[in-house]
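The values are calculated or read from the model by the stated rules, or taken from the named source; none is laboratory data. Just so it is clear, the structure is predicted and the values come from calculations on it, not from any experiment. Cβ atoms come from the backbone with ideal geometry, glycine included; neighbour counts cover every protein chain shown. Quick note on the areas: whole protein, heavy atoms, side chains included, nothing else; ligands and nucleic acids left out. Shrake-Rupley method; radii C 1.70, N 1.55, O 1.52, S 1.80 Å.
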Amino acid sequence: MPKMKTKSSAKKRFKLTGSGKIKRKHAFKSHILTKKSKKRKLKLTHAGLVHDNDVNSIKEQLRLK
């Protein structure tokens, strides 16, 4: 039986914190930034945590379960 591979897309998008939570980046910060307010762009800069409802599916994609 071959090894289970992680999803490459998930590997690039998510990181684990020290306490085991999953960190993610915000969307909508790559282009068409002129019409977005400075406050909105600043809030999109900071990383957030994955919602509890999505944790299990992401852990499965990263083969952590």
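Things worth noting here:
- 19 Å Cα-Cα threshold exceeded, pairs from LYS23/LYS59; LYS11/LYS36; LYS11/LYS43; LYS12/LYS41: LYS11/LYS36; LYS11/LYS43; LYS12/LYS41
- Accessible area in square angstrom per residue, region 25-65, 1.4 angstrom probe: 89 Å²
- Each of GLN61, HIS51, SER30 was placed along the dipole of the chain (beta-carbon charges, centred on the mean Cα), and the one lying farthest toward the positive end is SER30.
- When the Gaussian network model of the chain links Cα atoms closer than 10 Å, the mean-square fluctuations of LEU44, LEU33, LEU16 top out at LEU33.
- Only protein atoms count toward the accessible area here, which uses a 1.4 Å probe; on the chain, the carbon and sulfur part of that area reaches 55 percent.
- With helices as the sole contributors, the chain gives -10000 deg cm²/dmol at 222 nm; each DSSP H run of n ≥ 4 counts as -39500 (n - 2.57), and the sum is divided by every residue.
- Highest-MSF residue in the chain out of LYS39, LYS11, LYS25 [GNM, Cα springs under 10 Å]: LYS39
- Debye log10 I(q)/I(0) at q = 0.26, 0.29 Å⁻¹ for the chain, Cα point scatterers: -1.11, -1.25
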